[in-house]
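The values are calculated or read from the model by the stated rules, or taken from the named source; none is laboratory data. Treat the numbers as computed from the prediction; the structure is a model and nothing was measured. So basically every Cβ, Gly included, is an ideal-geometry build from the backbone, and we count neighbours across all protein chains shown.
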Amino acid sequence: MNDVFDVMILGGGAAGLSAGIYSSRAKLSTLILNEGALGGQMVLTDEIANYPGVETTNGYKVANTMKKQAKDFGCKIKSNVSIAKYAFHGDVKEVELKDGRKFQAKSVILAPGGKSITLNIPGEGAFQGKGISYCATCDGDFFTDKEIIVVGGGNSALEEAVTLTNYASKVTIVHQFDHFQAFEHAVEEAKSNPKIDFIMKTELRQFMGNGKLQQVTMEHLSNGNVEEMDVDGVFIFIGYKPNTESLKGVISLNEKNEIITDSEMKTNIPGVFAAGDCIVKKYRQVTTAVADGTIAALSAVEYLKN
Ligand SMILES: Cc1cc2nc3c(=O)[nH]c(=O)nc-3n(C[C@H](O)[C@H](O)[C@H](O)COP(=O)(O)OP(=O)(O)OC[C@H]3O[C@@H](n4cnc5c(N)ncnc54)[C@H](O)[C@@H]3O)c2cc1C
């Protein structure tokens, strides 16, 4: 068993790293445990142009700078862990990893973020990584000079479609509605890109191929017509769900499995706070995750003082 930390942060994305910077700078012994690669969704983001005070940069750089800041203030970070059990009631909170290691702290900040939602149609599982992707940064290069489809109509879909034109010869955006749910500037940028075509009011129904993706079936919702299209790749950007599956029954969640907090990021359990894309809120951005992480850490500082 390790020492009892003042603050244990579960999640090392923008929210968790920000919380780590603030709590370790406040001289609280702080541990970040992160499932997966440190940085979370930021490392999937090619270009961050809307982080105030920082000129356009990529998410990987922002994540690495946050990591360095946290470590420089004394924060301990363990990545690629897998958490098996949570015990949050009582003054000392504990998590147990799947490998049996246990970590304890007087307060906890939950910052597990979220992940991509899948279409859940025939062939999707079979062709994941064989033509179907959810990450332009990871896989865009594999589709150099290829023709691809982007599914979705929000900011991620439109921004990533533009990014993918750096690789692909043609990008067709397939969207179920006749309008987009993205910021106007993202729509304009996609519409003015000569490599991007649009198929509106249409949904993909099936992925087909021989070992790798070769074709999709799509249904035009306005007339019910079904069409097959040859394609080299499909990128799916239709949103995400909070990574709170393992927290069901541990902490209060709403019907979308988002963690319920108050404005100070307090959850229903004293000493347990939550921050970032995992909580109930409308806007999910690096700035909002960073702000939540800051508030959660400062609330933890106050909780420990009392
Ligand atoms: C493609 C894309 C482009 C984007 N572009 C922008 C942009 O330009 N500007 C902008 O502001 N925002 C952008 N965003 C949104 C922004 O990246 C997120 O809102 C923000 O990074 C969320 O941070 P987070 O810390 O809450 O969660 P995440 O980034 O999801 O990090 C959570 C971390 O916790 C880990 N984890 C999960 N479960 C557990 C657990 N039980 N215990 C411990 N760790 C766990 C995860 O593996 C992950 O590493 C973009 C997102 C995507 C996907």
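So here's what we get for this one:
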| quantity | calculated |
| --- | --- |
| The stretch 226-254: number of residues that are part of a loop (DSSP other than H, G, I, E, B) and either of a type in the set (A, V, I, L, M, F, W, C) or modelled with pLDDT of 95 or more (or both) | 10 |
| Pick from the stretch 255-277, criterion more than 8 Å from the ligand (Cβ to nearest atom) and either at positive phi or part of a strand (DSSP E or B) (or both), ranking: surrounded by the fewest Cβ atoms within 10 Å (Cβ to Cβ) | ASN257 |
| Of all residues making up the stretch 35-50, the number that are modelled with pLDDT of 85 or more and more than 6 Å from the ligand (Cβ to nearest atom) | 4 |
| Residue pairs meeting the criteria (Cβ under 8 Å; at least 6 apart or on separate chains; first without any contact (Cβ under 8 Å) to a residue 40 or more places away in the chain and over 18 Å from LEU10 (Cα atoms), in the stretch 280-294; second in a loop (DSSP other than H, G, I, E, B) and more than 9 Å from the ligand (Cβ to nearest atom)) | LYS281/GLU258 |
| Answer from VAL290, VAL280 - the residue that is more than 10 Å from the ligand (Cβ to nearest atom) and closer than 25 Å to PHE183 by Cβ | VAL280 |
| Filtered residues of the stretch 1-22 (kept if assigned to a helix (DSSP H, G or I), touching a strand residue (DSSP E or B) at 6+ places or on another chain (Cβ under 8 Å) and either of a type in the set (Phe, Trp, Tyr) or under 11 Å from LEU33 (Cβ atoms) (or both)) | GLY16, GLY20 |
| Flag for LEU298 being closer than 14 Å to SER107 by Cβ, in contact with a Lys or Arg (Cβ under 7 Å, 6 or more places away or on another chain) and either hydrophobic (A, V, I, L, M, F, W, C) or more than 12 Å from the ligand (Cβ to nearest atom) (or both) | no |
| Any hit, the stretch 60-74, residues being over 27 Å from LYS241 (Cα atoms), without any contact (Cβ under 8 Å) to a residue 60 or more places away in the chain, in contact with a Phe, Trp or Tyr (Cβ under 6 Å, 6 or more places away or on another chain) and surrounded by 17 or more Cβ atoms within 10 Å (Cβ to Cβ) | no |
| Some residue of the stretch 51-60 being under 27 Å from LEU158 (Cβ atoms) and near the ligand (Cβ under 9 Å from one of its atoms) | yes |
| Yes/no for THR217 being surrounded by 14 or more Cβ atoms within 10 Å (Cβ to Cβ) and assigned by TED's automatic domain parsing to the domain that holds LEU110 | no |
| Counted residues, the stretch 163-189 - those being within 19 Å of GLU203 (Cβ to Cβ) and touching a helix residue (DSSP H, G or I) at 6+ places or on another chain (Cβ under 6 Å) | 4 |
| Whichever residue in the stretch 83-117 is surrounded by fewer than 21 Cβ atoms within 10 Å (Cβ to Cβ) and among the hydroxyl-bearing types (Ser, Thr, Tyr) and, among such residues, is modelled with the highest pLDDT | TYR86 |
| Pair list, Cβ < 6 Å and 6+ apart or interchain, from the stretch 207-230 residues that are within 16 Å of VAL174 (Cα to Cα) to residues that are among the acidic types (Asp, Glu) and part of a strand (DSSP E or B) | GLN215/GLU228; GLN215/ASP230; THR217/GLU228; MET218/GLU227; GLU219/GLU203; VAL226/GLU219 |
| Count of residues meeting criterion [touching a Ser or Thr at 6+ places or on another chain (Cβ under 8 Å) and without any contact (Cβ under 8 Å) to a residue 60 or more places away in the chain] in the stretch 151-185 | 5 |
| Subset tally (residues that are in a helix (DSSP H, G or I) and away from the ligand (no atom under 11 Å from the Cβ)) for the stretch 61-76 | 9 |
